[in-house]
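Only one structure is covered here, and it is reproduced in the block below.
The values are calculated or read from the model by the stated rules, or taken from the named source; none is laboratory data. On a predicted model such as this, the values are computed, not experimentally measured, just so you know. Methodologically, a virtual Cβ is constructed for each residue, glycine included, from the backbone with ideal geometry; neighbour enumeration extends over all protein chains shown. The area values use the complete protein model at the heavy-atom level, side chains included, leaving out ligands, DNA and RNA. Shrake-Rupley method; radii C 1.70, N 1.55, O 1.52, S 1.80 Å.
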Amino acid sequence: MDEWMEFLTRVKPGLELSLGFVIAVSVTIHVLLTKKDTASAAAWIGLAWFAPFFGGTTYFVLGINRVRRRAIRLRAPSAARTRRHRRTGDAANEDHALAPLQLGIARITGRPIETGNRIDILNNGDEAYPAMLEAIARAEHSIGLSSYIFRADAIGHRFITALAEAQKRGVAVRVIVDGIGSGWLLSPAYRALRRAGLPAGRFMHSSMPWRMSFLNLRSHKKILVVDGRIGFTGGVNIADQNLLAKNPPEPIQDTHFRVEGPITAQLTYAFIRDWAFVAHEELQGEAWYPELRPDGPSVARVVTAGPDEDLEKIEQTVLQAISCSRTSIQVMTPYFLPDQRVITALSLAALRGVAVDVVIPSKNVHRMMDWATRANVGPLLEAGVRIWRCPPPFRHSKIMVIEGEWSLIGSSNWDMRSFRLNFELSIEAYDKALATSLGQIVQENHSLPLTLEELHTRSFLLRMRDAAARLLLPYL
């Protein structure tokens, strides 16, 4: 035994060195073949060579995009894919100023544009919830509901009761809640859904911490589709704090949308893809895909994004829109931490004379977001971008308007989490009346400007704090 221990003592340094070399080489090869971001790639490779065991383990847990492979496998083409779009015309052939934008997004998404849609604005849960509950109460065939946050509070239980009643009268009901946003360990709403006998799934959930490599990858979508004919999407989660009329202790302002027309089929398909991902069940038939007819003036298309085959598609859509702008860009977002590509695009737009206005909350619910934002927006202010802070309550709306004619609405924030890590859904709409109404919402919240002078007069300690918070930009 003593001789064996002595032998291990002699060879241990060489074994550790050899194993560390193999780990570093393996990480380097995988990074070079899979990582697009050069800064991220260089960081992972440096960590692997500097600390092979720690770096290799960290990369194995957090750095490998297993979701991309898994999602592609579960979301394979099917009969439903051939039915998901009911095209009523191709507006891309029309001669209008934003035709290049329309063509570009068609190539980004691989989806056709749909004409004849109606998109109605719903303010806060006060308008959104009654419309959603009424649609559920009138459902005859199918209901698909997906929410990032689904609380088991008063409004949450109203939704659960309405869904259960719909199922009792023969409606096919499916519900998705996020595995983190709706609670990791307990998830009271998920348990209440299951107790009510409703088919419900938790997106990217594992109760075992060592299997939480998908912690950062969340389904941030808000989707309700009823009978494949009526859809709802936007920023509103299901929680009492969205009911401003009830004076909740931490109120949230938000914007949601009711959708009818051919675009609803794309919204339905987005839900069905996620349900197949969560429950390994593919939903088909007329209950989910009825014949749809034109029902309004909006020309629209769904844009989905996620760390799978839809990687960065909403960010690419945003970049396309910025590049096509000539007179105005209006943005409202609760979290504004874009990467360098978006900062450069907005700065160049402002430098060529485009009026660029960005509205963010005056006080974020996550203080670190405020700190990181202040360390990140200097180049935008220097280029002439105007950044406004809207007063409380916290505004959670996600709105982009270009030229007063085109708008992007949905669940995606303007940060790296939404653009690259989360599963998100937005709708692009060519509708001047809708864009005008959304532009008014943005403009009405031009309250306190964020200025370069304010940034420059921060104390040294505050600048250091904000700069340190900015380093966490990919995870905030």
> Could you sort HIS220, HIS157 by accessible area so the largest value comes first, with the probe set to 1.4 Å?
Replying inline: HIS157, HIS220
> For the chain, with every protein chain kept in place, what is the accessible area per residue (1.4 Å probe, Å²)?
Replying inline: 44
> Out of residues 5 or more away from ASP415 or on other chains, whose amide H comes under 5 Å of its own, with H placed 1.01 Å from N in the peptide plane?
Replying inline: LEU337
> For the chain, which whole-number percentage of the solvent-accessible area (1.4 Å probe, protein heavy atoms only) is attributable to carbon and sulfur atoms?
Replying inline: 58
> When all alpha-carbon pairs of segment 237-294 are counted, what percent fall beyond 14 Å?
Replying inline: 68
> If you project the alpha carbons of segment 301-432 onto the principal axes, what extent comes out on each, in Å, largest first?
Replying inline: 32, 32, 27
> Using Cα-only point scatterers and the Debye equation, what is log10 of I(q)/I(0) for the chain at each q in 0.13 Å⁻¹, rounded to two decimals?
Replying inline: -1.27
> If you project the alpha carbons of segment 407-450 onto the principal axes, what extent comes out on each, in Å, largest first?
Replying inline: 31, 30, 10
>> Cα atoms only: what Rg and Dmax, in Å, come out for segment 154-299?
In response: 16.2, 50
> In debye to the nearest 20, how big a dipole does the chain give about its Cα centre with +1 on each Lys and Arg Cβ and -1 on each Asp and Glu Cβ?
Replying inline: 740
